[in-house]
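The values are calculated or read from the model by the stated rules, or taken from the named source; none is laboratory data. Predicted, not measured: the structure shown is a model, and the values here were computed from it. Here Cβ is always computed from backbone atoms with ideal geometry, including for glycine, and neighbour counts include all displayed protein chains.
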Amino acid sequence: MDLSPDEFARAAHRLADWIATYLRDVGEYDVLPDVKPGAIRAQLPKAPPAAPESLDDIIADLDRVIVPGATHWNHPGFLAYFANTASVPGILGEMVTAALNLNGMLWRTSPVATELEQVVTDWLRQLFGMGDRWFGMITDTASVSTMYALAAARERDPALGIRQRGMAGRAELPRLRIYCSEHAHSSVDKAAMTLGLGLENVVHVASDSDFRMRPEMLTRAIQADRAQGFRALAVVATAGTTGMTSVDPIGDIAAICQRESLWLHVDGAYGGSAMAVPEMRALFDGIERADSFVVNPHKWLFTPMDCSVLFTRQPKVLRRAFSLVPEYLTTSEGEDALNYMDYGLQLGRRFRALKLWMVIRAFGADGIAERIRHHCQLARTFADWVQAEHNGWTVRAPVPFSTVCFRHVPEGETDEGEIASHNAAIMDRVNKSGDIFISHTKLGDQYVLRVAIGNLRTSQATLERAWALLRAAAC
């Protein structure tokens, strides 16, 4: 028997108060926990309890064990990787999702899960100013969305026969090649590994001085591969690269893909959310000619982990890549109902659409655009501070969105190894403050620091604190 509804109500009220207090006070915690590997496990019993424990005791352990071991992504000073927010409407959506416990594998298994997903992905399409020919589905992460897109690219030519015959031991099957920028996310390489294409068949195309894929180099790579008998399959363009948030020239790449009959997938996991800001859509010119596009609402649309949306203009191809219906999953609705299980690997599917629906409703299109616009302005302000310092500080990449790449070079230092060590030490000192958490990347051979703004609680005062810590750490 489950615990009673009355017990749930008492615990839920207590937990709601706990969450509200946490969200109010999250900035008072150290962003990074002061723990060593294994320290959290050492606090916990090695075996499960034989007798039931009270919900009061379990909730008490949130403060004793869980919070002290957490990296606080909701902290205003979390400026590493791609900062994000579990917003209040998103958290409430997660609570209801857990209570309903729906499985949206088929329309029949939960009609509302399927149809709300159709509605909310179409809302997102409209927020982004995209045309009406896009099919949307929610996955867990962009890594999975990109893998699905490349699986569809592989399936677009049924003559390859990969769905039925696989790829192993087929001498007549040419090597299939995928092209992306040298700054593309590692998920492209992982998709190639998973789909059996192999890392050697991911071609990393050179970029320009602004870290964008060079279309003429893409053309050369395709031509060189065809001369060797290889089969060009797909191109992945990136709208907001992970390291420095550069945007590949999507329109030029789309023209090449159209000419060469290649699938174009656009990775906008982070940067794609900026399409909600009308004046920023010019950065994405050409997106309407892509075959697929991914954006992560759990990055910059204030939705709790995890929630990724894959759009495609080729849903029939995506379905052909994955649809397999055993007898026990056949239903009488036929073509009248959409079954999302046909469009990916997962059979069981969480009701992720609910939290995204609640976030969009709670903030509205204008509110979402204004929040993203504000983050971009904060990033430009921070970049201006760095540029104005002139004491060895420089911004090292363009700032199209809300992420700034920069570094400090001691006077007279030219050795890149020494400069890297110096900046790594700066980052370590800042992160040990407890107030701020930043990360780093490499631009070519240059080690640089990153500040990524994406949390609703991050303010100019937060950045002022980060800048003060950075300057002090560089001395």
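Conditions tested, residue by residue: (1) charged (D, E, K, R); (2) more than 30 Å from ALA452 (Cα to Cα); (3) over 22 Å from the mean Cα position of the chain (by Cα); (4) not assigned by TED's automatic domain parsing to the domain that holds THR121.
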position: VAL325; (1), (2), (3), (4): no, yes, yes, no
position: THR330; (1), (2), (3), (4): no, yes, yes, no
position: ASN339; (1), (2), (3), (4): no, yes, yes, no
position: ALA365; (1), (2), (3), (4): no, no, no, yes
position: GLU370; (1), (2), (3), (4): yes, no, no, yes
> If only one of VAL409, VAL430 is of a type in the set (A, V, I, L, M, F, W, C), surrounded by 14 or more Cβ atoms within 10 Å (Cβ to Cβ) and within 27 Å of ASP208 (Cα to Cα), which one is it?
Replying inline: VAL409
>> Given (1) within 19 Å of the chain's Cα centre (by Cα); (2) closer than 20 Å to PHE230 by Cα, identify the lone condition not met by GLY198.
In response: (1)
> So which pairs qualify, if the first residue must be in region 368-384 and part of a helix (DSSP H, G or I), the second must be among the polar types (S, T, N, Q), the Cβ gap must be under 6 Å, and the two must be at least 6 apart or on different chains?
Replying inline: HIS375/SER402; CYS376/SER402; ALA379/SER402
> Residues of region 406-428 being in contact (Cβ under 8 Å) with a residue 24 or more places away in the chain, touching a helix residue (DSSP H, G or I) at 6+ places or on another chain (Cβ under 6 Å) and among the β-branched types (Val, Ile, Thr), which ones?
Replying inline: ILE426
>> Among the residues that make up region 307-316, is at least one of them among the aromatic types (Phe, Trp, Tyr) and either at positive phi or not assigned by TED's automatic domain parsing to the domain that holds SER110 (or both)?
In response: no
>> Take SER143 and tell me if it is in contact (Cβ under 8 Å) with a residue 60 or more places away in the chain, surrounded by 15 or more Cβ atoms within 10 Å (Cβ to Cβ) and of a type in the set (Gly, Ala, Ser).
In response: no
> Name the residues in region 253-273 that are acidic (Asp, Glu) and either part of a strand (DSSP E or B) or within 16 Å of ALA184 (Cβ to Cβ) (or both), would you?
Replying inline: ASP267
> Looking at this structure, is ARG177 at pLDDT 95 or above and of a type in the set (Lys, Arg)?
Replying inline: yes
>> I want to confirm something. Restricting to region 116-135 and keeping residues that are touching a Lys or Arg at 6+ places or on another chain (Cβ under 6 Å) and under 21 Å from GLU335 (Cα atoms), which single residue is surrounded by the most Cβ atoms within 10 Å (Cβ to Cβ)?
In response: TRP134
> Which of (1) crowded, with 20+ Cβ neighbours inside 10 Å; (2) touching a His at 6+ places or on another chain (Cβ under 7 Å) does THR403 not meet, given it meets every other one?
Replying inline: (2)
>> If I ask for residues that are closer than 19 Å to HIS75 by Cβ and part of a loop (DSSP other than H, G, I, E, B), which ones from region 17-65 would you list?
In response: TYR29, ASP30, VAL31, LEU32, PRO33, ASP34, VAL35
> So which residues in region 103-115 are surrounded by 19 or more Cβ atoms within 10 Å (Cβ to Cβ) and closer than 15 Å to MET358 by Cβ, if there are any at all?
Replying inline: ALA113
>> Given the criterion at pLDDT 95 or above, farther than 18 Å from THR194 by Cβ and not assigned by TED's automatic domain parsing to the domain that holds ARG313, identify the matching residue among ALA113, ALA98.
In response: ALA98
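Could you list, in sequence order, the residues of region 36-58 that are surrounded by 14 or more Cβ atoms within 10 Å (Cβ to Cβ) and either within 30 Å of LYS432 (Cα to Cα) or under 28 Å from the mean Cα position of the chain (by Cα) (or both)? Write out each step before concluding.
Kept after step one, since they are surrounded by 14 or more Cβ atoms within 10 Å (Cβ to Cβ), are these residues of region 36-58: 40, 55.
If the condition is that a residue be surrounded by 14 or more Cβ atoms within 10 Å (Cβ to Cβ) and either within 30 Å of LYS432 (Cα to Cα) or under 28 Å from the mean Cα position of the chain (by Cα) (or both), then ILE40 is the only one that fits.
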> Assuming ALA83 fulfils every condition listed in (1) hydrophobic (A, V, I, L, M, F, W, C); (2) out of contact with any Leu (no Cβ under 7 Å at 6 or more places or on another chain); (3) over 26 Å from TYR179 (Cα atoms); (4) modelled with pLDDT of 95 or more apart from one, which condition is it?
Replying inline: (4)
>> Quick check on region 68-84. Is at least one of its residues touching a residue at least 12 places away in the same chain (Cβ under 8 Å), in contact with a Gly (Cβ under 8 Å, 6 or more places away or on another chain), under 26 Å from GLY454 (Cα atoms) and among the small types (Gly, Ala, Ser)?
In response: yes
> Mind checking which residues of region 234-265 are farther than 21 Å from THR441 by Cβ and among the aliphatic types (A, V, I, L, M)?
Replying inline: ALA234, VAL235, ILE250, ILE253, ALA254, ALA255, ILE256, LEU262, LEU264
>> Out of the residues in region 442-475 meeting the condition of being touching a residue at least 24 places away in the same chain (Cβ under 8 Å) and in a loop (DSSP other than H, G, I, E, B), tell me which one is surrounded by the fewest Cβ atoms within 10 Å (Cβ to Cβ).
In response: ASP445
> When region 163-180 is examined, which residues are found to be in contact with an Asp or Glu (Cβ under 7 Å, 6 or more places away or on another chain) and more than 16 Å from TRP263 (Cα to Cα)?
Replying inline: ARG163
> Which fully enclosed strands (runs of 3 or more DSSP E) of region 125-240 have 3 or more residues being of a type outside the set (Lys, Arg) and farther than 19 Å from GLY286 by Cβ?
Replying inline: 135-139, 202-205
>> Taking the condition of being aromatic (Phe, Trp, Tyr) and within 11 Å of TYR29 (Cβ to Cβ), how many residues in region 63-78 meet it?
In response: 1
>> Need the failing condition index for ASP34 against (1) closer than 23 Å to PHE302 by Cα; (2) at pLDDT below 95, just the number.
In response: (1)
